[in-house]
Amino acid sequence: MSEDITDKQYKRNGFFLVREEILPEAIKKTIKVKEMLKRGEARTINEAVDAVDLSRSAYYKYKEYVFPFYEASRDKIVTISFLLEHRNGVLSQLLNIISQANGSVLTINQGIPLQGVANATVSFETAALNMDLEALIDELRMATGVRKLEILGQV
């Protein structure tokens, strides 16, 4: 039986972007333990796994395989799609936010506004970011005039 293209792609990179709400509890708790240890909210692995009610064996099973999106996105190119209100300066404001975070914008594509909104897609490099990508995305999402933000991908 021949492999389809999806099987080949999976074997090549093995990474997927998955929304948190569909993850099993053990994986969510493993992520929480790693965050607690990183932030100093727990001094030991035992303390952290006890705090989230996770077995040590489950933590050790998953710890090398799960990490926040922003960690996987370092030194990458991220592409974000926006639905923006058609008002002066909205796209410029987003580009300024990316620039202030030391993101290097590579491409900008904007559609013609229809019914008061326009689609825009921005790709930028994350290598020199001075903040977590997750925090940057939150800041972009909360910017005035942004109706919707969606991460299209990263390379």
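The values are calculated or read from the model by the stated rules, or taken from the named source; none is laboratory data. From a predicted model like this one, the values you see are computed outputs, not experimental measurements. Note that we place each Cβ from the backbone using ideal geometry, even for glycine, and neighbour counts take in every protein chain shown.
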Based on what the data block shows, is LEU95 within 19 Å of VAL146 (Cα to Cα) and either exposed (fewer than 13 other Cβ atoms within 10 Å of the Cβ) or among the aliphatic types (A, V, I, L, M) (or both)? yes
Odd one out for ALA127 among (1) assigned to a loop (DSSP other than H, G, I, E, B); (2) touching a strand residue (DSSP E or B) at 6+ places or on another chain (Cβ under 9 Å); (3) hydrophobic (A, V, I, L, M, F, W, C); (4) free of Cβ contacts under 8 Å to residues at least 40 places away in the same chain: (4)
Of (1) exposed (fewer than 14 other Cβ atoms within 10 Å of the Cβ); (2) touching an Asp or Glu at 6+ places or on another chain (Cβ under 7 Å); (3) under 11 Å from VAL78 (Cβ atoms), THR126 fails just (1)
With respect to LYS32, determine if the residue is at pLDDT 85 or above, touching a helix residue (DSSP H, G or I) at 6+ places or on another chain (Cβ under 6 Å) and either surrounded by 10 or more Cβ atoms within 10 Å (Cβ to Cβ) or assigned to a loop (DSSP other than H, G, I, E, B) (or both). yes
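If a residue counts only when it is at pLDDT below 95, which helices (runs of 4 or more DSSP H) contained entirely in the range 37-120 have at least 1 such residues? Spell out how you get there, then give the answer.
On the way: elements: 45-52, 56-62, 69-72, 90-100.
Fully inside the range 37-120 and qualifying: 45-52, 56-62, 69-72.
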